[in-house]
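Undergrad: This is the structure, below, for whatever I ask next.
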Amino acid sequence: MKIIRASRRSLGMNYAIREVTTPAAEAAKTGMKMYNLNIGDPNKWDFETPEYFKQTLREAVDRVDNGYGDSQGEMSLRQAIVERENEKHGVSISTSDVYITSGVSECINIMMGTFLEPGDEVLVPGPGYPSYMQYINFYEGRTVPYRQIEDEDWRPDVDMIRKRITNRTKALILINPNNPTGAVYSEKAIKEFGDIAAEFNIPLISDEIYDKIVFNGEFYSASRLKSDVPRIILNGFSKVNLMPGWRMGYCYFMDDSGLMDEIRVGMMKQFRARICPNVPCQAAAQASLQGPQDYILDMNRKLKDREYFTYKRLNEIDGITTRHAKGALYMFPHIDLKGTPWKTDKEFVFDLIKEEGVVFVHGSGFCEEFGQDHFRTILLAPIETLDAAYDKLESFIKRRTN
(Lines give C-alpha, C1' and ligand atoms only; values in the text may rest on other atoms or scores of the structure.)
Protein backbone atom coordinates (compact mmCIF):
# COMPACT_ATOMS: atom_id res chain seq x y z
CA MET A 1 0.00 0.00 0.00
CA LYS A 2 1.36 3.39 -1.01
CA ILE A 3 1.78 5.98 1.77
CA ILE A 4 1.99 9.68 0.99
CA ARG A 5 4.66 11.06 3.26
CA ALA A 6 4.24 14.35 5.07
CA SER A 7 6.98 16.91 4.60
CA ARG A 8 9.70 16.96 7.22
CA ARG A 9 8.86 20.66 7.70
CA SER A 10 5.34 19.84 8.82
CA LEU A 11 6.37 16.89 10.98
CA GLY A 12 8.95 19.08 12.68
CA MET A 13 6.27 21.42 14.06
CA ASN A 14 5.86 21.04 17.81
CA TYR A 15 3.76 23.70 19.52
CA ALA A 16 4.24 22.98 23.21
CA ILE A 17 1.28 25.04 24.46
CA ARG A 18 -1.15 22.73 22.72
CA GLU A 19 1.01 19.62 22.85
CA VAL A 20 0.01 19.21 26.49
CA THR A 21 -3.65 18.98 25.48
CA THR A 22 -3.07 15.39 24.31
CA PRO A 23 -2.26 13.93 27.76
CA ALA A 24 -4.83 16.31 29.25
CA ALA A 25 -7.55 14.86 27.02
CA GLU A 26 -6.58 11.34 28.09
CA ALA A 27 -6.72 12.33 31.77
CA ALA A 28 -10.11 13.97 31.28
CA LYS A 29 -11.51 10.70 29.87
CA THR A 30 -11.00 9.10 33.28
CA GLY A 31 -13.39 11.61 34.85
CA MET A 32 -10.62 13.52 36.60
CA LYS A 33 -11.30 17.19 37.34
CA MET A 34 -9.02 19.21 35.09
CA TYR A 35 -7.26 22.50 35.81
CA ASN A 36 -6.31 23.78 32.37
CA LEU A 37 -3.71 26.43 33.14
CA ASN A 38 -1.91 26.09 29.82
CA ILE A 39 -3.56 28.45 27.32
CA GLY A 40 -3.69 32.25 27.48
CA ASP A 41 -7.36 32.49 26.56
CA PRO A 42 -9.12 35.03 28.80
CA ASN A 43 -12.56 34.01 27.54
CA LYS A 44 -12.20 30.52 29.01
CA TRP A 45 -12.38 32.14 32.42
CA ASP A 46 -14.30 35.09 33.87
CA PHE A 47 -13.41 37.59 31.17
CA GLU A 48 -16.04 38.44 28.58
CA THR A 49 -15.83 40.10 25.17
CA PRO A 50 -17.58 43.49 25.58
CA GLU A 51 -21.12 43.47 24.24
CA TYR A 52 -20.56 46.40 21.91
CA PHE A 53 -17.93 44.40 19.98
CA LYS A 54 -20.43 41.58 19.50
CA GLN A 55 -23.23 43.94 18.52
CA THR A 56 -20.97 45.58 15.96
CA LEU A 57 -20.22 42.18 14.45
CA ARG A 58 -23.92 41.33 14.24
CA GLU A 59 -24.64 44.60 12.53
CA ALA A 60 -21.66 44.23 10.20
CA VAL A 61 -22.86 40.84 8.99
CA ASP A 62 -26.18 42.43 8.06
CA ARG A 63 -24.76 45.71 6.78
CA VAL A 64 -21.73 44.79 4.64
CA ASP A 65 -22.02 42.81 1.43
CA ASN A 66 -19.95 39.96 2.94
CA GLY A 67 -17.84 39.84 -0.19
CA TYR A 68 -14.07 39.87 -0.31
CA GLY A 69 -12.28 42.81 1.26
CA ASP A 70 -8.98 44.60 0.80
CA SER A 71 -6.03 42.20 0.91
CA GLN A 72 -4.12 44.61 3.16
CA GLY A 73 -7.13 45.07 5.44
CA GLU A 74 -10.08 47.44 5.43
CA MET A 75 -9.06 51.08 5.23
CA SER A 76 -11.34 52.08 8.12
CA LEU A 77 -9.66 49.60 10.49
CA ARG A 78 -6.19 50.60 9.36
CA GLN A 79 -7.07 54.24 10.01
CA ALA A 80 -8.36 53.35 13.49
CA ILE A 81 -5.06 51.57 14.20
CA VAL A 82 -3.09 54.62 13.02
CA GLU A 83 -5.08 56.78 15.42
CA ARG A 84 -4.88 54.31 18.29
CA GLU A 85 -1.11 53.86 17.99
CA ASN A 86 -0.70 57.63 17.99
CA GLU A 87 -2.89 57.91 21.08
CA LYS A 88 -1.02 55.13 22.93
CA HIS A 89 2.56 55.84 21.95
CA GLY A 90 2.68 59.12 20.04
CA VAL A 91 3.76 57.23 16.93
CA SER A 92 3.12 58.68 13.45
CA ILE A 93 2.38 56.04 10.83
CA SER A 94 0.10 55.98 7.80
CA THR A 95 -2.54 53.49 6.69
CA SER A 96 -0.13 52.25 4.01
CA ASP A 97 2.20 51.04 6.79
CA VAL A 98 -0.49 48.86 8.42
CA TYR A 99 -1.36 45.26 7.47
CA ILE A 100 -4.30 43.34 8.96
CA THR A 101 -3.73 39.65 9.71
CA SER A 102 -5.67 36.66 10.98
CA GLY A 103 -4.18 36.96 14.44
CA VAL A 104 -0.53 37.63 15.15
CA SER A 105 0.22 34.00 14.31
CA GLU A 106 -0.52 34.55 10.63
CA CYS A 107 1.74 37.58 10.67
CA ILE A 108 4.59 35.52 12.16
CA ASN A 109 4.13 32.86 9.49
CA ILE A 110 4.09 35.35 6.61
CA MET A 111 7.03 37.35 8.03
CA MET A 112 9.25 34.31 8.43
CA GLY A 113 8.26 33.08 4.97
CA THR A 114 9.38 36.44 3.60
CA PHE A 115 12.55 37.02 5.60
CA LEU A 116 14.14 33.59 5.44
CA GLU A 117 16.12 31.50 3.03
CA PRO A 118 17.47 28.17 4.35
CA GLY A 119 20.24 28.79 6.87
CA ASP A 120 19.26 32.38 7.70
CA GLU A 121 19.16 33.22 11.40
CA VAL A 122 16.71 35.04 13.65
CA LEU A 123 17.45 36.10 17.21
CA VAL A 124 14.56 35.28 19.55
CA PRO A 125 14.09 35.66 23.32
CA GLY A 126 14.80 32.55 25.36
CA PRO A 127 12.34 31.69 26.71
CA GLY A 128 9.88 33.06 24.19
CA TYR A 129 6.61 32.40 22.41
CA PRO A 130 7.12 29.13 20.49
CA SER A 131 5.39 30.13 17.23
CA TYR A 132 8.48 32.14 16.31
CA MET A 133 10.73 29.12 16.65
CA GLN A 134 8.26 26.88 14.84
CA TYR A 135 7.97 29.07 11.76
CA ILE A 136 11.67 29.90 11.64
CA ASN A 137 12.37 26.17 11.58
CA PHE A 138 9.52 25.51 9.11
CA TYR A 139 11.15 27.83 6.59
CA GLU A 140 14.51 26.14 7.25
CA GLY A 141 15.98 29.07 9.10
CA ARG A 142 17.94 28.83 12.33
CA THR A 143 16.53 29.97 15.67
CA VAL A 144 19.18 31.72 17.76
CA PRO A 145 17.93 32.33 21.32
CA TYR A 146 19.24 35.06 23.58
CA ARG A 147 18.99 34.70 27.34
CA GLN A 148 16.64 36.59 29.59
CA ILE A 149 18.26 36.82 33.00
CA GLU A 150 15.88 35.34 35.56
CA ASP A 151 17.63 36.74 38.63
CA GLU A 152 17.29 40.24 37.16
CA ASP A 153 13.53 40.12 36.50
CA TRP A 154 14.14 38.44 33.14
CA ARG A 155 16.21 41.33 31.79
CA PRO A 156 17.40 40.58 28.22
CA ASP A 157 21.09 39.74 27.98
CA VAL A 158 22.20 42.48 25.59
CA ASP A 159 25.80 41.28 25.54
CA MET A 160 24.65 37.85 24.38
CA ILE A 161 22.54 39.40 21.64
CA ARG A 162 25.59 41.21 20.27
CA LYS A 163 27.73 38.08 20.42
CA ARG A 164 25.14 35.98 18.61
CA ILE A 165 24.67 38.29 15.62
CA THR A 166 26.28 36.92 12.45
CA ASN A 167 26.23 37.77 8.76
CA ARG A 168 23.22 35.43 8.44
CA THR A 169 21.13 37.30 11.03
CA LYS A 170 17.96 38.55 9.34
CA ALA A 171 16.01 39.94 12.30
CA LEU A 172 15.98 40.53 16.06
CA ILE A 173 12.73 39.69 17.87
CA LEU A 174 11.51 40.99 21.20
CA ILE A 175 8.26 40.13 22.97
CA ASN A 176 7.17 42.84 25.38
CA PRO A 177 5.38 42.23 27.73
CA ASN A 178 6.92 38.82 27.52
CA ASN A 179 5.29 35.47 27.00
CA PRO A 180 6.04 33.26 28.97
CA THR A 181 7.87 35.15 31.74
CA GLY A 182 5.52 38.07 32.34
CA ALA A 183 8.47 40.47 32.14
CA VAL A 184 7.92 44.06 31.07
CA TYR A 185 11.10 45.48 29.59
CA SER A 186 12.38 48.85 30.77
CA GLU A 187 12.76 51.87 28.52
CA LYS A 188 16.53 51.38 28.82
CA ALA A 189 16.29 47.78 27.60
CA ILE A 190 14.09 48.73 24.63
CA LYS A 191 16.53 51.46 23.65
CA GLU A 192 19.36 48.93 23.81
CA PHE A 193 17.45 46.75 21.35
CA GLY A 194 17.07 49.77 19.10
CA ASP A 195 20.77 50.61 19.32
CA ILE A 196 21.70 47.08 18.26
CA ALA A 197 19.22 47.05 15.36
CA ALA A 198 20.52 50.40 14.09
CA GLU A 199 24.19 49.48 14.59
CA PHE A 200 23.96 46.16 12.76
CA ASN A 201 21.33 47.34 10.26
CA ILE A 202 18.94 44.50 11.07
CA PRO A 203 15.17 44.82 11.53
CA LEU A 204 13.72 44.83 15.02
CA ILE A 205 10.46 42.87 15.25
CA SER A 206 8.55 43.87 18.39
CA ASP A 207 5.59 41.72 19.45
CA GLU A 208 3.43 43.97 21.65
CA ILE A 209 0.16 42.05 21.80
CA TYR A 210 0.03 42.46 25.61
CA ASP A 211 0.88 46.18 25.53
CA LYS A 212 -2.03 47.30 27.75
CA ILE A 213 -1.90 44.31 30.10
CA VAL A 214 0.63 45.78 32.52
CA PHE A 215 0.00 45.73 36.27
CA ASN A 216 3.46 46.52 37.64
CA GLY A 217 5.58 49.18 35.97
CA GLU A 218 5.14 50.98 32.66
CA PHE A 219 5.12 49.75 29.09
CA TYR A 220 7.54 51.33 26.62
CA SER A 221 6.82 50.58 22.98
CA ALA A 222 9.57 50.01 20.42
CA SER A 223 7.55 52.31 18.17
CA ARG A 224 8.96 55.18 20.24
CA LEU A 225 12.56 54.49 19.24
CA LYS A 226 14.56 56.79 16.98
CA SER A 227 13.73 56.82 13.29
CA ASP A 228 17.02 55.13 12.33
CA VAL A 229 15.77 51.82 13.81
CA PRO A 230 14.05 49.66 11.16
CA ARG A 231 11.04 48.07 12.85
CA ILE A 232 7.96 45.95 12.44
CA ILE A 233 5.51 46.24 15.35
CA LEU A 234 3.06 43.37 15.89
CA ASN A 235 -0.18 43.61 17.80
CA GLY A 236 -3.61 42.06 17.91
CA PHE A 237 -7.04 41.84 19.47
CA SER A 238 -6.96 38.40 21.15
CA LYS A 239 -5.63 39.45 24.55
CA VAL A 240 -6.19 43.12 25.40
CA ASN A 241 -9.46 43.25 23.45
CA LEU A 242 -10.73 39.86 24.67
CA MET A 243 -11.30 38.54 21.14
CA PRO A 244 -9.12 35.39 20.96
CA GLY A 245 -11.38 33.33 18.71
CA TRP A 246 -12.02 36.18 16.30
CA ARG A 247 -8.47 35.91 14.91
CA MET A 248 -7.69 39.55 14.31
CA GLY A 249 -4.18 41.00 14.38
CA TYR A 250 -2.02 43.56 12.65
CA CYS A 251 1.51 44.73 12.03
CA TYR A 252 2.96 48.03 10.91
CA PHE A 253 6.30 49.02 9.43
CA MET A 254 8.53 51.83 10.62
CA ASP A 255 11.47 52.02 8.24
CA ASP A 256 12.74 55.34 6.92
CA SER A 257 15.86 53.72 5.48
CA GLY A 258 14.15 51.53 2.90
CA LEU A 259 15.93 48.49 4.37
CA MET A 260 12.70 46.47 4.31
CA ASP A 261 11.11 47.74 1.09
CA GLU A 262 11.43 44.33 -0.53
CA ILE A 263 10.14 42.62 2.65
CA ARG A 264 6.98 44.70 2.35
CA VAL A 265 6.57 43.64 -1.26
CA GLY A 266 7.09 39.96 -0.39
CA MET A 267 4.65 40.07 2.51
CA MET A 268 2.03 41.87 0.43
CA LYS A 269 2.25 39.17 -2.25
CA GLN A 270 1.36 36.61 0.43
CA PHE A 271 -1.44 38.79 1.80
CA ARG A 272 -2.95 38.87 -1.68
CA ALA A 273 -2.64 35.09 -1.96
CA ARG A 274 -4.59 34.62 1.27
CA ILE A 275 -7.27 36.89 -0.29
CA CYS A 276 -8.26 39.04 2.72
CA PRO A 277 -8.83 39.03 6.48
CA ASN A 278 -12.31 38.35 7.87
CA VAL A 279 -14.33 41.39 6.78
CA PRO A 280 -17.13 41.53 9.42
CA CYS A 281 -14.68 40.86 12.26
CA GLN A 282 -12.62 43.83 11.13
CA ALA A 283 -15.62 46.07 11.86
CA ALA A 284 -15.76 44.67 15.40
CA ALA A 285 -11.99 45.11 15.81
CA GLN A 286 -12.38 48.75 14.79
CA ALA A 287 -15.13 49.21 17.37
CA SER A 288 -12.86 47.73 20.04
CA LEU A 289 -10.30 50.46 19.37
CA GLN A 290 -12.77 53.35 19.24
CA GLY A 291 -15.24 52.47 22.02
CA PRO A 292 -14.99 52.53 25.83
CA GLN A 293 -11.80 51.02 27.24
CA ASP A 294 -12.78 50.64 30.91
CA TYR A 295 -12.94 46.85 30.61
CA ILE A 296 -9.13 46.85 30.26
CA LEU A 297 -8.77 48.46 33.68
CA ASP A 298 -11.05 45.83 35.18
CA MET A 299 -9.01 43.07 33.55
CA ASN A 300 -5.75 44.44 34.89
CA ARG A 301 -7.17 44.71 38.41
CA LYS A 302 -8.15 41.05 38.36
CA LEU A 303 -4.84 39.95 36.90
CA LYS A 304 -2.83 41.94 39.45
CA ASP A 305 -4.64 40.20 42.32
CA ARG A 306 -4.15 36.79 40.72
CA GLU A 307 -0.50 37.50 40.00
CA TYR A 308 0.15 38.37 43.63
CA PHE A 309 -1.62 35.22 44.81
CA THR A 310 0.25 33.02 42.31
CA TYR A 311 3.62 34.52 43.27
CA LYS A 312 3.00 34.05 46.99
CA ARG A 313 1.49 30.57 46.73
CA LEU A 314 4.07 29.07 44.37
CA ASN A 315 6.98 30.36 46.42
CA GLU A 316 5.52 28.51 49.42
CA ILE A 317 5.96 25.15 47.65
CA ASP A 318 9.24 23.34 48.28
CA GLY A 319 11.29 23.09 45.11
CA ILE A 320 9.55 25.95 43.30
CA THR A 321 10.68 29.56 43.03
CA THR A 322 9.28 32.28 40.85
CA ARG A 323 9.75 35.91 39.96
CA HIS A 324 6.90 38.40 39.85
CA ALA A 325 5.11 38.82 36.54
CA LYS A 326 4.69 42.49 35.63
CA GLY A 327 2.42 42.06 32.64
CA ALA A 328 0.86 39.69 30.10
CA LEU A 329 -1.06 36.62 31.34
CA TYR A 330 1.66 34.29 32.60
CA MET A 331 4.24 33.36 35.19
CA PHE A 332 7.29 31.17 34.56
CA PRO A 333 8.32 29.37 37.79
CA HIS A 334 11.52 27.39 38.24
CA ILE A 335 11.24 23.80 39.45
CA ASP A 336 14.25 22.18 41.12
CA LEU A 337 14.38 18.69 39.62
CA LYS A 338 17.57 17.56 41.38
CA GLY A 339 16.93 14.45 43.41
CA THR A 340 13.42 14.02 42.00
CA PRO A 341 12.01 11.22 39.79
CA TRP A 342 11.86 13.59 36.80
CA LYS A 343 14.75 14.03 34.39
CA THR A 344 13.13 16.90 32.48
CA ASP A 345 10.51 19.59 32.99
CA LYS A 346 8.41 17.90 30.30
CA GLU A 347 8.32 14.64 32.29
CA PHE A 348 7.31 16.62 35.37
CA VAL A 349 4.49 18.44 33.56
CA PHE A 350 3.16 15.30 31.86
CA ASP A 351 3.15 13.30 35.09
CA LEU A 352 1.36 16.14 36.88
CA ILE A 353 -1.32 16.11 34.19
CA LYS A 354 -1.80 12.35 34.38
CA GLU A 355 -1.90 12.15 38.18
CA GLU A 356 -3.55 15.42 39.25
CA GLY A 357 -5.22 16.92 36.18
CA VAL A 358 -3.24 20.15 36.54
CA VAL A 359 -2.12 21.33 33.11
CA PHE A 360 0.91 23.60 32.77
CA VAL A 361 3.27 23.98 29.81
CA HIS A 362 6.82 22.65 30.14
CA GLY A 363 9.43 25.40 30.08
CA SER A 364 11.66 23.69 27.52
CA GLY A 365 8.79 24.12 25.04
CA PHE A 366 9.57 27.85 25.11
CA CYS A 367 13.33 27.37 24.64
CA GLU A 368 15.49 24.29 24.94
CA GLU A 369 18.52 26.32 25.97
CA PHE A 370 17.00 28.76 28.47
CA GLY A 371 13.59 27.35 29.36
CA GLN A 372 14.49 24.04 30.95
CA ASP A 373 13.52 23.29 34.58
CA HIS A 374 10.59 25.69 34.37
CA PHE A 375 6.90 25.59 33.59
CA ARG A 376 4.42 28.24 32.50
CA THR A 377 1.18 28.87 34.35
CA ILE A 378 -1.53 31.41 33.59
CA LEU A 379 -2.89 34.24 35.75
CA LEU A 380 -6.37 34.17 34.20
CA ALA A 381 -8.18 31.70 36.45
CA PRO A 382 -10.06 32.89 39.55
CA ILE A 383 -8.08 32.66 42.79
CA GLU A 384 -10.12 29.72 44.10
CA THR A 385 -9.23 27.73 40.96
CA LEU A 386 -5.57 28.68 41.20
CA ASP A 387 -5.55 27.77 44.89
CA ALA A 388 -6.99 24.31 44.24
CA ALA A 389 -4.57 23.67 41.38
CA TYR A 390 -1.53 24.74 43.41
CA ASP A 391 -2.65 22.60 46.35
CA LYS A 392 -2.64 19.64 43.97
CA LEU A 393 0.77 20.67 42.66
CA GLU A 394 2.18 20.81 46.19
CA SER A 395 0.75 17.43 47.21
CA PHE A 396 2.03 15.90 43.96
CA ILE A 397 5.58 17.06 44.61
CA LYS A 398 5.50 15.92 48.23
CA ARG A 399 4.12 12.49 47.32
CA ARG A 400 6.58 11.85 44.52
CA THR A 401 9.71 13.16 46.25
CA ASN A 402 9.33 11.64 49.73
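The values are calculated or read from the model by the stated rules, or taken from the named source; none is laboratory data. What you see is a predicted model, and the numbers here were worked out from it, not measured in a lab. Every residue, glycine as well, gets a Cβ built from its backbone with ideal geometry; the counts of neighbours run over all protein chains shown.
Undergrad: Could you check how many residues of the stretch 134-189 are β-branched (Val, Ile, Thr) and over 28 Å from GLY12 (Cα atoms)? Before you say what the answer is, go through the steps one by one.
TA: At the first step, the residues of the stretch 134-189 found to be β-branched (Val, Ile, Thr) are 136, 143-144, 149, 158, 161, 165-166, 169, 173, 175, 181, 184.
With over 28 Å from GLY12 (Cα atoms) added as a condition, the list becomes 149, 158, 184.
Of the residues in that region, 3 qualify.
Undergrad: Something else about it: Which of (1) among the basic types (Lys, Arg); (2) under 17 Å from TYR146 (Cα atoms); (3) within 17 Å of the chain's Cα centre (by Cα) is the odd one out, the single condition LYS163 does not satisfy?
TA: (3)
Undergrad: Something else now. Among the residues of the stretch 115-126, how many are touching an Asp or Glu at 6+ places or on another chain (Cβ under 9 Å) and on the phi < 0 side of the Ramachandran plot? Lay out the reasoning, then the answer.
TA: Start the filter on the stretch 115-126 by keeping residues that are touching an Asp or Glu at 6+ places or on another chain (Cβ under 9 Å), which leaves 116-120, 126.
Checking the rest, the ones that are also on the phi < 0 side of the Ramachandran plot come to 116-118, 120, 126.
Residues in the stretch 115-126 being touching an Asp or Glu at 6+ places or on another chain (Cβ under 9 Å) and on the phi < 0 side of the Ramachandran plot: 5 in total.
Undergrad: Just need a number here: residues in the stretch 107-125 that are more than 13 Å from the chain's Cα centre (by Cα), closer than 21 Å to CYS276 by Cα and buried (at least 23 other Cβ atoms within 10 Å of the Cβ).
TA: Of the residues in the stretch 107-125, 3 are more than 13 Å from the chain's Cα centre (by Cα), closer than 21 Å to CYS276 by Cα and buried (at least 23 other Cβ atoms within 10 Å of the Cβ).
Undergrad: While we're here: Check off (1) closer than 30 Å to GLU87 by Cβ; (2) in the same structural domain as VAL20 (by TED's automatic domain parsing) for LYS312 and give me the number that stays unchecked.
TA: Single failed check for LYS312: (1).
Undergrad: If you don't mind, there's one more thing I want to ask. Taking GLN290, is it more than 19 Å from GLN79 (Cβ to Cβ), touching a residue at least 12 places away in the same chain (Cβ under 8 Å), among the polar types (S, T, N, Q) and surrounded by fewer than 21 Cβ atoms within 10 Å (Cβ to Cβ)?
TA: On the way: more than 19 Å from GLN79 (Cβ to Cβ): no; touching a residue at least 12 places away in the same chain (Cβ under 8 Å): yes; among the polar types (S, T, N, Q): yes; surrounded by fewer than 21 Cβ atoms within 10 Å (Cβ to Cβ): yes.
No; evaluated as a whole, the condition is false for this residue.
Undergrad: Show the residue pairs that are 6+ apart or on different chains and have beta-carbon atoms under 8 Å apart, the first residue being within the stretch 5-24 and under 17 Å from GLY365 (Cβ atoms), the second being assigned to a helix (DSSP H, G or I) and among the hydrophobic types (A, V, I, L, M, F, W, C).
TA: GLY12/PHE138; MET13/PHE138; VAL20/VAL349; VAL20/PHE350; VAL20/ILE353; PRO23/PHE350; PRO23/ILE353; ALA24/ILE353
Undergrad: Which is in contact with a His (Cβ under 7 Å, 6 or more places away or on another chain) and buried (at least 18 other Cβ atoms within 10 Å of the Cβ), of SER221, SER206? Let's see the steps before the verdict.
TA: Working: SER206 fails: in contact with a His (Cβ under 7 Å, 6 or more places away or on another chain).
Checking each option against the conditions leaves just SER221.
Undergrad: When you scan the stretch 132-179, how many residues do you find that are aliphatic (A, V, I, L, M) and without any contact (Cβ under 8 Å) to a residue 40 or more places away in the chain? Give the derivation first.
TA: The first filter runs over the stretch 132-179 and keeps only residues aliphatic (A, V, I, L, M), leaving 133, 136, 144, 149, 158, 160-161, 165, 171-175.
Those left that are additionally without any contact (Cβ under 8 Å) to a residue 40 or more places away in the chain: 136, 144, 149, 158, 160-161.
Within the stretch 132-179, residues that are aliphatic (A, V, I, L, M) and without any contact (Cβ under 8 Å) to a residue 40 or more places away in the chain number 6.
Undergrad: Out of the stretch 56-88, which residues are assigned to a loop (DSSP other than H, G, I, E, B) and hydroxyl-bearing (Ser, Thr, Tyr)? Can you show your working first?
TA: Start the filter on the stretch 56-88 by keeping residues that are assigned to a loop (DSSP other than H, G, I, E, B), which leaves 64-74.
Correct list: TYR68, SER71.
Undergrad: Would you mind finding the one in ASP211, ASP195 that is acidic (Asp, Glu) and not in a helix (DSSP H, G or I)? Write out each step before concluding.
TA: Values: ASP195 fails: not in a helix (DSSP H, G or I).
Checking each option against the conditions leaves just ASP211.
Undergrad: So in the stretch 231-251, with the set limited to residues that are touching a Pro at 6+ places or on another chain (Cβ under 8 Å) and assigned to a strand (DSSP E or B), which one is surrounded by the fewest Cβ atoms within 10 Å (Cβ to Cβ)?
TA: Step by step, filter the stretch 231-251, then rank; the result is ARG231.
Undergrad: Across the stretch 147-177, which residue is surrounded by the fewest Cβ atoms within 10 Å (Cβ to Cβ) among those that are in a strand (DSSP E or B) and among the basic types (Lys, Arg)?
TA: ARG155
Undergrad: Hey, does the stretch 63-83 have a residue that's farther than 30 Å from ALA183 by Cβ, of a type in the set (Val, Ile, Thr), at pLDDT below 95 and assigned by TED's automatic domain parsing to the domain that holds TRP154?
TA: Yes; the residues of the stretch 63-83 include at least one that is farther than 30 Å from ALA183 by Cβ, of a type in the set (Val, Ile, Thr), at pLDDT below 95 and assigned by TED's automatic domain parsing to the domain that holds TRP154.
Undergrad: In this structure, does VAL104 turn out to be touching a residue at least 24 places away in the same chain (Cβ under 8 Å), under 19 Å from the mean Cα position of the chain (by Cα) and not in a strand (DSSP E or B)? Outline the logic, then answer.
TA: Numbers: touching a residue at least 24 places away in the same chain (Cβ under 8 Å): yes; under 19 Å from the mean Cα position of the chain (by Cα): yes; not in a strand (DSSP E or B): yes.
Judged against the criteria, VAL104 is a match.
Undergrad: Which residues, counting only those in the stretch 384-402, are polar (S, T, N, Q) and in contact (Cβ under 8 Å) with a residue 40 or more places away in the chain?
TA: Initial filter on the stretch 384-402 (polar (S, T, N, Q)): 385, 395, 401-402.
Passing the criteria: THR385, THR401.
Undergrad: Let me ask something else about it. Of all residues in the stretch 1-37, which are of a type in the set (A, V, I, L, M, F, W, C) and part of a helix (DSSP H, G or I)?
TA: Of the residues in the stretch 1-37, the ones of a type in the set (A, V, I, L, M, F, W, C) are 1, 3-4, 6, 11, 13, 16-17, 20, 24-25, 27-28, 32, 34, 37.
Correct list: LEU11, ALA16, ILE17, ALA24, ALA25, ALA27, ALA28.
Undergrad: Also: Can you tell me which of PHE215, PHE271 is under 21 Å from the mean Cα position of the chain (by Cα), of a type in the set (A, V, I, L, M, F, W, C) and not assigned by TED's automatic domain parsing to the domain that holds ARG323? Reasoning before the result, please.
TA: On the way: PHE271 fails: under 21 Å from the mean Cα position of the chain (by Cα).
The match here is PHE215.
Undergrad: Here is a check on your reading of the model: is LYS226 outside any helix (DSSP H, G or I), surrounded by fewer than 23 Cβ atoms within 10 Å (Cβ to Cβ), over 14 Å from the mean Cα position of the chain (by Cα) and not hydroxyl-bearing (Ser, Thr, Tyr)? Steps first, please.
TA: On the way: outside any helix (DSSP H, G or I): yes; surrounded by fewer than 23 Cβ atoms within 10 Å (Cβ to Cβ): yes; over 14 Å from the mean Cα position of the chain (by Cα): yes; not hydroxyl-bearing (Ser, Thr, Tyr): yes.
Yes: the conditions hold for LYS226.
Undergrad: Now for a separate question. For the stretch 296-332, what are the residues that are in contact with a Pro (Cβ under 6 Å, 6 or more places away or on another chain) and aliphatic (A, V, I, L, M)? Steps first, answer last, please.
TA: Within the stretch 296-332, the first condition is being in contact with a Pro (Cβ under 6 Å, 6 or more places away or on another chain), and the residues that meet it are 314, 320, 322, 327-328, 330, 332.
If the condition is that a residue be in contact with a Pro (Cβ under 6 Å, 6 or more places away or on another chain) and aliphatic (A, V, I, L, M), then LEU314, ILE320, ALA328 are the ones that fit.
Undergrad: With the requirement that a residue be buried (at least 23 other Cβ atoms within 10 Å of the Cβ) and under 17 Å from LYS398 (Cα atoms), what does the stretch 349-384 give you?
TA: VAL349, LEU352, ILE353, VAL358
Undergrad: Does LEU57 fit the bill of being in contact with a Ser or Thr (Cβ under 9 Å, 6 or more places away or on another chain), in contact (Cβ under 8 Å) with a residue 24 or more places away in the chain and not β-branched (Val, Ile, Thr)? Walk me through it before giving the result.
TA: Numbers: in contact with a Ser or Thr (Cβ under 9 Å, 6 or more places away or on another chain): no; in contact (Cβ under 8 Å) with a residue 24 or more places away in the chain: yes; not β-branched (Val, Ile, Thr): yes.
The answer is no for LEU57.
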